[in-house]
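First up is the structure itself, then whatever we jot down about it.
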Amino acid sequence: MNFSRDIFAGVTMAMASLAGVTAVASLLQQAGMDFAASFTAGILLSLAGTLWSAFKNYGVVLTPSLTVSGYLVFIAAISHGLGWQVILGISFSASLLGMVFWHGSRYIPCRGIPPIFPWGIKLALAVFLICLGLKMGRIVIASAWQVTMLGDSADPLMYWSMAGVVLTLALLAGGCSCALFAGMVVTGAVTFIEGFWIIPAAPFFLPEGLDKVMGQLSFSLVDVRDGAFFGVTVLSLLVMLSAVHWSTFTALAKAEAPADGVRFLFALGAAGALCGVPPLVISPASAALQGGRCGRWALGAAAFVFVLALFGEPIVAAIADFPAMVVPVLVGSGFCLLLSVLQHCPWSENAVKRRAEALTVSILVLLLPLSGNFATALGASLIGYGLFMSMAGCFRQVAGMIWLISGVFALYYIYGSMF
């Protein structure tokens, strides 16, 4: 039944997303924010965003961004000595500017963009999810002489993550409608029985700490240099979030107008900053719902899991410490999205344009998993598309919007190298 499949998909998405919420709370703790307060605020905003997504029938789960949070914590807080209150101020400013920009531009950013870009984004996101899961489970690890290498099979996390991935893919190949849920549950149950994660002695607690983070954002800076860095970081975050929101919304959400969803995500980001949460984004685990027909049931199940998580932070943290059960969800979601994308490819009939499109998609697919940065991958592919088409003698066929967005990304790269 589609009903049961979507319920399983919703629980799967929420469980995989909870690991990200815990990781974001741990990052913000390094910047001085209270962990319990950050976790509670993150779950509440994820719950609110997911319920709104269900109301709009977008079919996606929303969670605080681990990538953006890491960027703000390590660059703004640790490298430049700014407090977590200023991080929230940066997030609020970028989200407010994003709301204004995307409201004014309306549907303009989508005009003139070839259909190969939305398709390429989905393909790149599928590969990104697979690589993210393999990395999280230490199935692939960093190498001194190659980009990556196979992990150590003696590592329990690698061993059980690999077992969960094999089981999940086998179920997918057999046409099992709840393959991701089954892979997650079986992997979680086996690793629990083996003692790799345990239920804490005090597994439940009342949500607390919101008074420590709500309304605590700050714009106070020590000197002019900090002010300049604040402004550049806000602009960089605006470009980064625009790329992340548009890419993921185009790839995963069920909506005809991505700009509407992007404005909604920026509005949530501004509200989140006021409540003590970094910008919310579409959780990559939302790919688990690909093919589902009744997204509202799935999102309702995901919201229910978020409500339970509000009172079970110790259990969520224990699972996040040994994330073997999350790995099959990420890898399986990536393959589900990959299978969906490969069914149709909007290549141009012109051989010259098709070659330029193939090179552009290759940049997307390579850079997103390697960098983990949507802005870097999308910007490089847009700039590359204009360059490739020009070198092929098709300069006039490149829309002005492509050149405009490419210029914005070029400035983003320049600012990033300066700070």
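Overview of results
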quantity	calculated
Rounded to the nearest 20 debye, dipole of the chain from Cβ charges on Lys, Arg, Asp, Glu	1220
Estimated vicinal HN-Hα couplings, Hz - the range 132-140 in sequence order (Karplus 6.51, -1.76, 1.60; Gly, Pro = x)	4, x, 4, 6, 4, x, 6, 6, 10
Rg/Rh for the range 14-61, where both radii come from Cα atoms and Rh is the Kirkwood radius	1.06
All lysines inside 22 Å of Lys56 as judged from Cα atoms, apart from same-chain residues fewer than 8 positions distant	Lys122, Lys254
Whole-percent carbon and sulfur share, accessible surface of the range 43-186, 1.4 Å	71
Within-15-Å neighbourhood charge of Gly49 [Cβ basis; K, R +1; D, E -1]	+2
Karplus (6.51, -1.76, 1.60) ³J(HN,Hα), θ = phi - 60°, over the range 88-101, in Hz, Gly and Pro reported as x	5, x, 4, 4, 5, 4, 5, 5, 5, 4, x, 4, 5, 5
Mean Cα-pair separation over length for the range 1-126, i.e. relative contact order, pairs under 8 Å, 6 or more apart, %	21
Residue-by-residue Karplus 3J(HN,Hα) for the range 271-277, coefficients 6.51, -1.76, 1.60, Hz, glycine and proline x	5, x, 4, 5, 8, x, 10
Reach of Lys135 by Cα under 14 Å, taken over aspartates and glutamates that are not fewer than 8 positions away in the same chain	Asp152, Asp155
The chain, relative contact order [Cα under 8 Å, separation at least 6], %	33
Computed over the range 173-327, Cα set: Rg, Dmax in Å	19.6, 62
Residues whose placed amide H lies under 5 Å from that of Leu82, excluding near-sequence neighbours	Ala77
Label-reachable residues, the range 368-394, where backbone N falls under 17 Å from a point 7 Å from Ala351's Cα toward its Cβ	392-394
FRET efficiency, 1/(1 + (r/R0)^6) with R0 60 Å, evaluated for Leu150 and Phe395 via beta carbons	0.85
Computed [θ] at 222 nm, deg cm²/dmol, the chain (DSSP H ≥ 4; -39,500 (n - 2.57); rounded to nearest 500)	-22500 deg cm²/dmol
√(5λ) per eigenvalue of the Cα gyration tensor, the range 41-84, largest first, Å	29, 10, 6
Label-to-label distance, nm, for residues given as Val100 and His344 (7 Å Cα→Cβ offset)	3.9
The range 217-363, accessible area per residue, ligands and nucleic acids excluded (1.4 Å, Å²)	37
Euclidean distance between Cα centres, the range 339-385 to the range 139-203, Å	30
Under-5 Å amide H pairs with Val61, H placed in peptide plane, nonlocal only	Ser283, Ser286
Alpha-carbon spread of the chain, three principal axes, descending order, Å	66, 57, 48
Contact order normalised by residue count of the range 144-285, Cα under 8 Å, 6+ apart, percent	17
Fully extended contour minus Cα-Cα distance, from Leu51 to Ser79, at 0.36 nm per residue	6.5 nm
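The values are calculated or read from the model by the stated rules, or taken from the named source; none is laboratory data. No experiment lies behind these values; they were computed from the predicted model shown. Methodologically, a virtual Cβ is constructed for each residue, glycine included, from the backbone with ideal geometry; neighbour enumeration extends over all protein chains shown. Accessible surface is based on the protein model in full, side chains and every heavy atom, while ligands, DNA and RNA are left aside. Shrake-Rupley method; radii C 1.70, N 1.55, O 1.52, S 1.80 Å.
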